[in-house]
């Protein structure tokens, strides 16, 4: 992303931080939960990677559920805890995640702030889309582009919620099974990095992307084990854990 564009995005995130005194963190991320930029109030620290990954997973799951029961698409997601409200505003390519302190909300309903955040999120989406520097490709997009023989793959959280998929149906079920496979590996060692399941038709590669995400890839062809090694090397070289 061009420095000028990043500066304008940072300014808009700063505007979101000023919408209400209860706002303590604002994060811009991709649909896969990759952090693009983040701002926070002084002394208000939170890991943007964790928050963006969780929000992306919840949005994916919510989108699938609404699609199945009502053929509807969500516009925002509100996640409440005892101390915070996490609001995720959806745009076509990006998501704006806002953390609000409940103790600072008083009689104000977080939902009343949604239009202001949606306006800022829309401006960021337009700004990113008009930038001379195109948005960074997703991890799945880069893998499929680099390895055209891959036709089935999924990015998911370690807990088992999908973040994106290629060539796969029944996303929720597959993600749950893949997470279960990896969870059993973690029972043996909490530093499990990769699990490979071989068959005569294909190999299933389940590998850690970072502390919060997994990648599942169906490797076919004459040398699926060689393809698996190349994918693992690609992740190690291109993803900051």
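The values are calculated or read from the model by the stated rules, or taken from the named source; none is laboratory data. Predicted model only: the values in this text are computed from it and were never measured. Cβ placement follows ideal geometry from the backbone for every residue including glycine, while neighbour counts extend to all protein chains displayed.
Do you know which residues across segment 86-103 are part of a strand (DSSP E or B), over 16 Å from residue 163 (Cβ atoms) and in contact (Cβ under 8 Å) with a residue 40 or more places away in the chain?
96, 98, 99, 100, 101
Taking the residues in segment 103-126 that are at pLDDT below 85 and under 23 Å from residue 59 (Cα atoms) as candidates, determine which candidate is surrounded by the most Cβ atoms within 10 Å (Cβ to Cβ).
Let us first name the residues in segment 103-126 that are at pLDDT below 85, namely 103-111.
If we keep only those that are under 23 Å from residue 59 (Cα atoms) as well, we get 109-111.
Details: 109: 9, 110: 19, 111: 11.
In this case the residue turns out to be 110.
Any chance you could count how many residues in segment 213-241 are under 23 Å from the mean Cα position of the chain (by Cα) and not in a helix (DSSP H, G or I)?
So the answer is 9.
For segment 139-149, check the following and say yes or no: at least one residue is buried (at least 20 other Cβ atoms within 10 Å of the Cβ) and closer than 25 Å to residue 13 by Cα.
Taking every residue of segment 139-149 in turn, at least one turns out to be buried (at least 20 other Cβ atoms within 10 Å of the Cβ) and closer than 25 Å to residue 13 by Cα.
Each row is one residue, and each column tells you yes or no for (1) in the same structural domain as residue 164 (by TED's automatic domain parsing); (2) free of Cβ contacts under 8 Å to residues at least 12 places away in the same chain; (3) surrounded by fewer than 20 Cβ atoms within 10 Å (Cβ to Cβ).
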residue: 177; (1), (2), (3): yes, yes, yes
residue: 180; (1), (2), (3): yes, no, yes
residue: 190; (1), (2), (3): yes, yes, yes
residue: 196; (1), (2), (3): yes, no, yes
residue: 200; (1), (2), (3): yes, yes, yes
residue: 213; (1), (2), (3): yes, no, no
residue: 223; (1), (2), (3): yes, yes, yes
residue: 229; (1), (2), (3): yes, yes, yes
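Residue check, residue 217 against (1) surrounded by 11 or more Cβ atoms within 10 Å (Cβ to Cβ); (2) free of Cβ contacts under 8 Å to residues at least 40 places away in the same chain; (3) within 19 Å of residue 144 (Cα to Cα), all met but one. Which one?
(2)
Tell me the residue from 69, 59, 65, 50 that is in the same structural domain as residue 122 (by TED's automatic domain parsing), more than 8 Å from the chain's Cα centre (by Cα) and buried (at least 20 other Cβ atoms within 10 Å of the Cβ), please. Quick ask: steps written out before the conclusion?
Numbers: 69 fails: buried (at least 20 other Cβ atoms within 10 Å of the Cβ); 65 fails: buried (at least 20 other Cβ atoms within 10 Å of the Cβ); 50 fails: buried (at least 20 other Cβ atoms within 10 Å of the Cβ).
Just one listed residue meets the conditions, 59.
Identify the single condition in (1) under 13 Å from residue 216 (Cα atoms); (2) assigned to a helix (DSSP H, G or I) that residue 156 does not satisfy, given that it satisfies every other one.
Checking residue 156 against (1) under 13 Å from residue 216 (Cα atoms); (2) assigned to a helix (DSSP H, G or I), the one that fails is (2).
The conditions are (1) closer than 29 Å to residue 216 by Cα; (2) modelled with pLDDT under 90; (3) in contact with a strand residue (DSSP E or B) (Cβ under 7 Å, 6 or more places away or on another chain); (4) not in a helix (DSSP H, G or I), and residue 72 fails exactly one of them. Which is it?
Condition (3) is where residue 72 drops out.
Could you list, in sequence order, the residues of segment 1-16 that are buried (at least 17 other Cβ atoms within 10 Å of the Cβ) and either within 20 Å of the chain's Cα centre (by Cα) or free of Cβ contacts under 8 Å to residues at least 40 places away in the same chain (or both)?
9, 13
Got at least one residue in segment 162-175 being in contact with a helix residue (DSSP H, G or I) (Cβ under 8 Å, 6 or more places away or on another chain) and part of a helix (DSSP H, G or I)? Lay out the reasoning, then the answer.
Of the residues in segment 162-175, the ones in contact with a helix residue (DSSP H, G or I) (Cβ under 8 Å, 6 or more places away or on another chain) are 162-166, 168, 171-172.
Now narrow it down to the ones that are part of a helix (DSSP H, G or I): 171-172.
The answer is yes, given that some residue of segment 162-175 is in contact with a helix residue (DSSP H, G or I) (Cβ under 8 Å, 6 or more places away or on another chain) and part of a helix (DSSP H, G or I).
Please tell me if residue 149 is part of a loop (DSSP other than H, G, I, E, B), closer than 29 Å to residue 214 by Cα and in contact (Cβ under 8 Å) with a residue 60 or more places away in the chain.
Considered against the rule, which asks whether it is part of a loop (DSSP other than H, G, I, E, B), closer than 29 Å to residue 214 by Cα and in contact (Cβ under 8 Å) with a residue 60 or more places away in the chain, residue 149 comes out as yes.
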